[in-house]
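In what follows, a single structure is set out as structure tokens and then discussed.
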Amino acid sequence: MVDKLLGKRTAVETNGHLPEAGLITDARAIAATRGTAWQAVQLARDPKRPHAQDVIAGAFDRFQELHGDRLFRDDPAVIGGIAEIDGLYVVVVGQQKGSSTEENIARNFGMPHPEGYRKAIRLYRLAEKFHLPLITLIDTPGAFPGPEAEERGQAEAIARSIEAMTRLATPVVVVVLGEGGSGGALALGVGDVVLALENAVYSVISPEGAAAILFRSNAEAQRAASALRLAGPDLLELGIVDALIPEPPGGAQTDHTATAKAVRAALTSELERLSRVPTADLLSARYERFRAIGVVVEPSAGQAPPKKEPWWRRGIGKVRL
Amino acid sequence: MRLRMPFARGRKEFPSHLWTQCPGCGEMLFNKQLVRNLNVCTSCEHHFRFGGRERIELLVDRGSFEEHDSEMTSADPLVFADSKPYPTRIEAARAKSGEQDAVITGFALIGEVPTAIASMDFDFIGGSMGSVVGEKITRVAERALAERRPLVIVSASGGARMQEGTIALMQMAKIVAALGRLADAGLPFVSVLTDPTTGGVLASYASLGDLIVAEPGALIGFSGARVTDQTIGEKLPTGFQRSEFVLEHGFIDQIVPRAQLRDRLAFFLTAFRPVAHDMRWSL
Ligand SMILES: [Zn+2]
């Protein structure tokens, strides 16, 4: 939708890559090297894959981490702070997985509690207040499903986070780094531009969860993964993401530096594009971007209700003024 | 089926099309009487599920409901490869529920206040939210904004519809964005949670009401209790994720028995009538 304001991105002929940022905007461009959905799931979950901290360290010039939701505690599964990229200050918020078992336990495997989302919201507001662009990094199997998370309002925290992002009066760029697990990912996923690393996945439900429901067997996860169309090229085709950030050959886990460099190039170019759009236009374009997602069938085209004067205007004569 | 005397001892003596056993108190309830009592147990007040269309009939002023987008149906955007094709599931759900999809939307009067209403139907693939639910609720919210009406959404849903993948997930953002515009315009949104309201529906619009009320004993939670059970590996306390639990933890305003819901909504909507705001601004 931002394209309407800035003119459509034009992919370089034949390879579908943007020259300035190397972004993939056409799934056909990577058809030859495209793996199966299940391979994408494995790559996205690879513990050696660069996680939020690695990407922040490599893609930004400076980063100062900020802690806490000011309400309950500091959730280690969500990190955030102020960073500098190419002379521009930004707020970065991301879900943080671990690379080892100990680290994963400390980070709760990247599954935020409500306080993680509330910390995110606090940082979104900070970005808005000081007119800093917001960059979010998604990498989570999902929001933590434990009883304490329920007690503290996991659903409410996610809903508020989505709400905050839909109306945040500053440019927002979303990058799906690895796993985009359902509502817990979408809580960081509403932006003017949504990008994903080439081998990232984004899904409404885990393939295992879908398999258990649809085929009554966890073993069918591979089948469920391809049915869910959760891999990068699928997301591009469905319009869920705007562009893919290419990964080094073999996947992001093979070269953290090159991956971070690709993310940096993408962010720099997107932030530059967005900086030219007035905030009000940005907000309506963001609304339209998500408004347009969905496929329905209507036999008799849109039977809108008859136009009437609003009731309060019709009834104004009865109101004492 | 052969009918028998309903006053005998064994459970077999109660043919299921005439009698229902209450899971709350174990009482055998005569179906006709149960329906007459709005699907609420006459002895323990256990709230059985209630259809989306019956719900509208219950809540709005008689004859005032004007349905929108009644013919909108689901496409199969992912060409979802399942044990049963998605269009077949849709067809079966249509037959089972008599509805075109999992939500009914439109304009109505509630306590004489012109209101926009959306009512979900759990019988349609577990009230799951796909493109149709997303589009219909977004449209009714946008029309509420255009006509400056308050919005009431009655939820009954297991969450996003898996067969529409990330497209279903994005409906959460789409609806929430539309609600944001209502909020900016100072228009009230009342969210009514019924059994069950879970997953992506609770993690989006259902949790964002200016007021949130729930029916007694409704299952309300982000993760299904089974998921939580498996992840944690311990038994959950009784009453976990029920309306009373959610009220105690501060995430809803009230628990309202079904029979009182209509009057309660009328009270709130009247209190919030946008007239008051418009007068204030015009002074
Ligand atoms: Zn009972």
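Pairs please, first residue from the stretch A:20-45 and touching a residue at least 40 places away in the same chain (Cβ under 8 Å), second anywhere and open to solvent by 40 Å² or more (accessible area, probe 1.4 Å) and of a type in the set (D, E, K, R), Cβ atoms under 7 Å, 6+ apart in sequence or on different chains. Pairs found: A:27/A:237. Picking from residues in the stretch B:142-160 that are more than 8 Å from chain A (Cβ to nearest Cβ) and touching a residue at least 60 places away in the same chain (Cβ under 8 Å), the one that is farthest from residue A:213 (Cα to Cα) is B:150. Number of residues in the stretch A:112-125 that are hydrophobic (A, V, I, L, M, F, W, C) and either surrounded by fewer than 18 Cβ atoms within 10 Å (Cβ to Cβ) or touching a Lys or Arg at 6+ places or on another chain (Cβ under 9 Å) (or both): the value is 1. Checking every residue in the stretch B:152-162 against the condition of being in a helix (DSSP H, G or I), open to solvent by 10 Å² or more (accessible area, probe 1.4 Å) and under 19 Å from residue A:203 (Cα atoms) gives at least one match. For the stretch B:179-188, taking the residues that are outside any loop (DSSP other than H, G, I, E, B) and in contact with a Phe, Trp or Tyr (Cβ under 8 Å, 6 or more places away or on another chain), the one that is farthest from the other protein chains (Cβ to nearest Cβ) is identified as B:182.
With respect to residue A:223, determine if the residue is over 20 Å from residue A:30 (Cβ atoms), surrounded by 20 or more Cβ atoms within 10 Å (Cβ to Cβ), at pLDDT 95 or above and of a type in the set (D, E, K, R). So residue A:223 fails the test. Among the residues of the stretch B:113-151, the ones that are open to solvent by 10 Å² or more (accessible area, probe 1.4 Å) and either outside the structural domain of residue B:168 (by TED's automatic domain parsing) or assigned to a helix (DSSP H, G or I) (or both) come to 8 in all. In the condition set (1) part of a loop (DSSP other than H, G, I, E, B); (2) open to solvent by less than 10 Å² (accessible area, probe 1.4 Å), residue B:106 is compliant with all but (1). Of all positions in the stretch A:116-123, none carries a residue that is in contact with a helix residue (DSSP H, G or I) (Cβ under 9 Å, 6 or more places away or on another chain) and not in a helix (DSSP H, G or I). Among the conditions (1) more than 10 Å from every other protein chain (Cβ to nearest Cβ); (2) within 26 Å of residue A:190 (Cα to Cα), residue B:163 misses just one, which is (1). Taking the criterion of being within 13 Å of the ligand (Cβ to nearest atom) and within 20 Å of the chain's Cα centre (by Cα), the only residue of the stretch B:16-35 that qualifies is B:34. Restricting B:83, B:74 to those that are away from the ligand (no atom under 16 Å from the Cβ), within 13 Å of chain A (Cβ to nearest Cβ) and surrounded by fewer than 15 Cβ atoms within 10 Å (Cβ to Cβ) reduces the list to B:83.
Can you name every residue in the stretch A:47-88 that is assigned to a strand (DSSP E or B) and without any contact (Cβ under 8 Å) to a residue 60 or more places away in the chain?
Here is the first cut: in the stretch A:47-88, the ones assigned to a strand (DSSP E or B) are A:62-65, A:78-85, A:88.
Listed by number, the residues that qualify are A:62, A:63, A:64, A:65, A:78, A:79, A:80, A:81, A:82, A:83, A:84.
The combined condition, being within 16 Å of the ligand (Cβ to nearest atom) and under 19 Å from the mean Cα position of the chain (by Cα), is fulfilled by residue B:38. Scanning the stretch B:41-67 for residues that are within 15 Å of the ligand (Cβ to nearest atom) and in contact (Cβ under 8 Å) with a residue 40 or more places away in the chain gives B:45, B:46, B:47, B:49. Tell me yes or no: at least one residue of the stretch B:217-240 is more than 7 Å from chain A (Cβ to nearest Cβ), of a type in the set (Val, Ile, Thr), surrounded by fewer than 24 Cβ atoms within 10 Å (Cβ to Cβ) and not in a strand (DSSP E or B). Yes; the residues of the stretch B:217-240 include at least one that is more than 7 Å from chain A (Cβ to nearest Cβ), of a type in the set (Val, Ile, Thr), surrounded by fewer than 24 Cβ atoms within 10 Å (Cβ to Cβ) and not in a strand (DSSP E or B).
The values are calculated or read from the model by the stated rules, or taken from the named source; none is laboratory data. The shown structure was predicted, so the numbers you read here are calculated from the model rather than taken from an experiment. Positions of Cβ are backbone-derived with ideal geometry, glycine not excepted, and every protein chain shown enters the neighbour counts. Surface areas here come from the heavy atoms of the whole protein model, side chains and all, with no ligands, DNA or RNA. Shrake-Rupley method; radii C 1.70, N 1.55, O 1.52, S 1.80 Å.
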